[in-house]
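Here the structure comes first, spelled out in structure tokens, and everything after it is commentary.
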Amino acid sequence: MILAALFFVPLGCVQKRLVTNTRGGYYNGMVVCAYPDAAKVGIDILKKGGNAVDAAVAVQFALAVSYPDAGNIGGGGFMVYRSKTGETNTLDFREKGPAGASANMYLDAAGNVIPNMSLYTHKASGVPGSVDGMVQAHQKYGKIKWADLVQPAIDLARNGFKITKPFAYELNHLKAQIEKLNPGKTYLIKDAEWHEGDILVQEDLAKTLEQIRDKGREGFYDGIVADQIVAEIKTGDGLISKADLQNYHSVWRKAVIGNYKGYKIITMPPPSSGGIALLQLLQSVEKYPLKRWGYNQDSTVRLIVEAERRVYADRSKYFGDPDFYKVPVDSLLKPAYISSRMSNFSWDAATPSSSIQPGTFAGYESDQTTHYSIVDHEGNAVSITTTLNDSYGSKIFVKGAGFLLNNEMDDFSSKPGVPNMYGLVGGKANSIQPGKRMLSSMTPTIVEKDGKLFMVVGTPGGSTIITSVFQTIINVIEFGQDMQQAVASKRFHHQWLPDEIAAEKGALDSLTTIKLQSKGYKINNRRGIGRVDAILKTTQGYQGGADPRGDDTKLGY
Ligand code: DON
């Protein structure tokens with residue numbers, strides 16, 4: 001449908017008249033992220049001439065204020081970058097285990113995992129990476145002054161902003177837990193219930209952000225904010241020290257790059273498991289006629305589930321922080337290996353997960369996060385997923401500093417074979433070590449076609465991140481869905497263990513469900529899988545996909 005809006009777009013010095021329509025229409029840039037106020041901050045930066053990295057930095061800080069569920073300065077994340085000329089890079093600002101961390105730190109004397117210790121205690125936090133990540137990204141690619149990128153977040157925190165209905169619901173729902181974990185303190189809670197349209201003001205956070213605005217990295221990893229973090233950690237006998245903070249540095253890593261039917265997939269290397277797993281999934285299904293079978297029809301679902309089962313089995317053994325553990329990236333992505341993994345897949349019956357183990361190679365020794373996608377007027381693209389791990393992280397906030405601590409330590413394997421909060425199991429590759437980064441599923445990704453930008457995509461969702469990014473990509477490439485549809489379409493997920501398909505209500509029609517069940521597939525319905533925020537470049541401009549499962553917002557110009 002054509003919307004009758006006409007507007008002028010600067011194209012170098014030429015003014016070009018354009019027509020917007022629902023299939024695209026934004027030729028200069030776009031921001032898609034989890035909260036409307038943060039999307040507005042990002043698009044304003046783009047309109048002022050900032051590039052995609054400038055907008056990303058501003059959005060990261062604005063989300064830390066407006067979306068404390070997952071937006072953060074106390075967490076970490078990954079960035080995948082593609083310049084207008086096709087240069088690629090990735091930034092790993094994932095949290096690290098503190099120097100005092102050790103392999104068995106969450107086990108009792110009998111060797112059992114102590115419930116919730118890696119989740120809701122002061123020992124659950126890894127050393128935060130987000131602020132250093134933003135500083136690094138800005139130093140390398142930014143154009144606009146640092147202070148001007150942090151200021152909008154300070155304004156949001158100090159002046160307040162209107163909260164949405166889901167946000168109000170969440171705050172009311174979390175009240176008891178926040179009070180219990182933060183006795184005698186107030187942050188995000190008040191005596192009365194929160195309602196849609198209430199104004200949330202965060203003065204402590206505004207002051208913390210001012211430190212970051214004025215001192216950059218040192219405003220967080222040193223000085224008053226660092227002292228506040230260490231003081232808070234000490235109250236709960238946690239591990240993060242001043243030295244841990246000062247020693248934190250994010251790392252530029254080479255993107256992992258794969259190919260699917262001529263589309264170039266640019267994605268995150270370890271310590272994300274997501275990039276490699278995504279490429280394994282795409283390769284596993286590439287030779288099959290998904291388009292002919294159709295979206296979420298039984299053959300499509302069965303093939304994808306069998307591929308996912310095998311890929312997640314590999315994830316449990318071979319993935320960890322590459323600075324500590326040699327992840328066999330090349331072996332995992334070899335076409336012959338992928339074919340051999342899929343060779344025992346049968347159309348007669350589901351393969352029981354108990355009969356699938358991580359693969360073997362010759363020569364090998366042995367719900368919250370948030371994603372934002374941005375494209376600027378030059379065509380530079382940024383795909384960032386960032387997290388505190390659980391919704392509102394450990395739910396413990398730094399007294400006086402107004403922000404939440406992550407509980408990312410739960411992403412390590414506390415004990416071989418014992419599932420973490422997402423049901424993921426791991427072993428040696430992802431064991432806890434000082435200074436090591438915990439394995440992640442975050443999969444910020446950029447897709448290229450014929451040497452040009454095609455899609456920017458990513459999502460939260462714990463273990464379901466990888467499969468949600470995968471499904472979004474094939475929804476567009478195979479099933480011809482536009483970006484919004486591809487993001488909104490119902491999703492399903494399998495992760496080897498537990499041996500079941502998790503499906504959103506309505507993802508599988510009744511006939512497909514019966515067919516799958518008759519072949520031995522167990523199906524469990526669950527609430528929203530993923531919150532994908534993505535951008536597609538079309539011949540009619542940028543087309544956004546903002547996940548309707550949340551307050552996600554797309555703004556273009
Ligand atoms: O890095 C990871 O894989 C997890 N900490 C991500 C957590 C997440 O996506 C939660 N969102 N629902």
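The values are calculated or read from the model by the stated rules, or taken from the named source; none is laboratory data. A quick note: this is a predicted structure, and the numbers were derived from the prediction, not measured. All Cβ positions, even for glycine, are placed from backbone atoms using ideal geometry, and neighbour counts span all protein chains on display. Accessible surface areas use protein heavy atoms only, side chains included; no ligands, DNA or RNA. Shrake-Rupley method; radii C 1.70, N 1.55, O 1.52, S 1.80 Å.
Of these, Asn72, Asn51, which one is touching a Leu at 6+ places or on another chain (Cβ under 7 Å) and within 20 Å of Ser250 (Cβ to Cβ)?
Matching residue, one of Asn72, Asn51: Asn72.
Just to be sure I understand, how many residues within the range 126-146 are in contact with an Asp or Glu (Cβ under 7 Å, 6 or more places away or on another chain) and of a type in the set (Gly, Ala, Ser)?
Number of matching residues: 3.
What pairs come out if I take residues in the range 230-244 that are among the charged types (D, E, K, R) and pair them with residues that are part of a helix (DSSP H, G or I) and at pLDDT 95 or above whose C-beta lies under 6 Å away, six or more apart or interchain?
Pairs that qualify, where the first residue is among the charged types (D, E, K, R) and the partner is part of a helix (DSSP H, G or I) and at pLDDT 95 or above, are Lys242/Ala226; Lys242/Val230.
Using the structure shown, decide if Lys190 is outside any helix (DSSP H, G or I), open to solvent by 40 Å² or more (accessible area, probe 1.4 Å) and more than 30 Å from Arg315 (Cβ to Cβ).
For Lys190, the condition - outside any helix (DSSP H, G or I), open to solvent by 40 Å² or more (accessible area, probe 1.4 Å) and more than 30 Å from Arg315 (Cβ to Cβ) - is met.
To keep it simple, each residue is scored yes or no on (1) over 20 Å from Tyr169 (Cβ atoms); (2) more than 15 Å from the chain's Cα centre (by Cα); (3) not assigned by TED's automatic domain parsing to the domain that holds Ile501.
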{"residue": "Leu516", "(1), (2), (3)": "yes, yes, no"}
{"residue": "Tyr521", "(1), (2), (3)": "yes, yes, no"}
{"residue": "Arg526", "(1), (2), (3)": "no, yes, no"}
{"residue": "Ile529", "(1), (2), (3)": "no, no, no"}
{"residue": "Leu536", "(1), (2), (3)": "yes, yes, no"}
{"residue": "Gly541", "(1), (2), (3)": "yes, yes, no"}
{"residue": "Gly544", "(1), (2), (3)": "yes, yes, no"}
{"residue": "Thr553", "(1), (2), (3)": "no, yes, yes"}
{"residue": "Gly556", "(1), (2), (3)": "yes, yes, yes"}
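Condition first: surrounded by 14 or more Cβ atoms within 10 Å (Cβ to Cβ), more than 28 Å from Ser346 (Cβ to Cβ) and at pLDDT 95 or above. Now tell me which residues in the range 501-534 satisfy that.
Within the range 501-534, Gly530, Arg531, Val532, Asp533, Ala534 meet the criteria.
From the list Gly42, Gly111, Gly74, Gly100, which residue is within 19 Å of the chain's Cα centre (by Cα) and within 30 Å of Lys234 (Cα to Cα)?
Gly74
Between Lys215, Lys261, Lys287, Lys254, which is under 23 Å from the mean Cα position of the chain (by Cα), open to solvent by 60 Å² or more (accessible area, probe 1.4 Å) and farther than 26 Å from Tyr120 by Cβ?
Just a single option satisfies the conditions, and that option is Lys254.
Please find, among Leu205, Leu171, Leu149, Leu200, the residue that is among the aliphatic types (A, V, I, L, M) and either under 15 Å from Gly74 (Cβ atoms) or open to solvent by 10 Å² or more (accessible area, probe 1.4 Å) (or both).
One residue alone meets the criteria, Leu205.
Assuming Arg309 fulfils every condition listed in (1) open to solvent by 20 Å² or more (accessible area, probe 1.4 Å); (2) closer than 26 Å to Asp411 by Cα; (3) basic (Lys, Arg) apart from one, which condition is it?
Condition (1) is where Arg309 drops out.
So Ser316 passes all but one of these: (1) at negative phi; (2) out of contact with any helix residue (DSSP H, G or I) (no Cβ under 8 Å at 6 or more places or on another chain); (3) assigned to a loop (DSSP other than H, G, I, E, B). Which condition number does it fail?
Here Ser316 clears every test but (3).
Taking the range 538-557, which residues are part of a strand (DSSP E or B) and crowded, with 24+ Cβ neighbours inside 10 Å?
Scanning the range 538-557 gives Tyr542, Gln543, Gly544, Gly545, Ala546, Lys554.
Which number in (1) within 11 Å of the ligand (Cβ to nearest atom); (2) within 30 Å of Gln228 (Cα to Cα) marks the one condition that Lys395 misses?
That leaves (1) as the condition not met.
May I ask you to list the residues in the range 439-460 that are in contact with a Lys or Arg (Cβ under 7 Å, 6 or more places away or on another chain) and within 10 Å of the ligand (Cβ to nearest atom)?
Matches in the range 439-460: Ser440, Thr459, Pro460.
Would you list the strands (runs of 3 or more DSSP E) that sit entirely within the range 1-105 and hold 3 or more residues that are outside the structural domain of Gln485 (by TED's automatic domain parsing), modelled with pLDDT under 95 and surrounded by 18 or more Cβ atoms within 10 Å (Cβ to Cβ)? Give the derivation first.
Values: elements: 2-11, 14-21, 30-33, 76-82, 88-93.
Because the criterion is at least 3 residues that are outside the structural domain of Gln485 (by TED's automatic domain parsing), modelled with pLDDT under 95 and surrounded by 18 or more Cβ atoms within 10 Å (Cβ to Cβ), no strands (runs of 3 or more DSSP E) in the range 1-105 meet it.
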